[in-house]
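A.B. asks: Just dropping this structure here.
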Amino acid sequence: NEMFELWLEYEKQNTLESKLVKLCDHLLPFLLNLKTNGKIWTEGNVTKSMVYKRNEVIFNYFPEIGNLMKTKIEYAVKEGWLKNV
């Protein structure tokens, strides 16, 4: 029952803790893609807009981190790891 309640809290995103968990869930794969020169992004034909959509929770709740990510997204486009769409 406790696990179910925690899951609902995570889905609702109405506590700081749930937002921090979501941040980690989204930030870690993003950083991995940067570390591997966009390997998964290029293999999956991922676009800039897809990365923005996937990470909008970070842009909304943690704008400072979101701004850093935006810089890295533009870098990934310049390097050809993300399509500029």
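A.B. asks: Can you pull out every residue in segment 2-16 that is surrounded by 11 or more Cβ atoms within 10 Å (Cβ to Cβ) and acidic (D, E)?
C.D. replies: E9 - this is the single residue of segment 2-16 that is surrounded by 11 or more Cβ atoms within 10 Å (Cβ to Cβ) and acidic (D, E).
A.B. asks: Another question, if that's okay. So which residues in segment 22-43 are open to solvent by 70 Å² or more (accessible area, probe 1.4 Å) and over 12 Å from the mean Cα position of the chain (by Cα)?
C.D. replies: K35, N37, K39, I40, E43
A.B. asks: So V46 clears everything in (1) exposed (fewer than 11 other Cβ atoms within 10 Å of the Cβ); (2) closer than 15 Å to W81 by Cβ except one condition, right? Which one?
C.D. replies: The number of the failed condition is (1).
The values are calculated or read from the model by the stated rules, or taken from the named source; none is laboratory data. Predicted model, so just to flag it, every value in this text is computed and none were measured. Note that each Cβ is placed from the backbone with ideal geometry, even for glycine, and that neighbours are counted across all protein chains shown. Ligands, DNA and RNA are stripped out before the accessible areas are found, and what is left, the full protein with its side chains, is counted by its heavy atoms. Shrake-Rupley method; radii C 1.70, N 1.55, O 1.52, S 1.80 Å.
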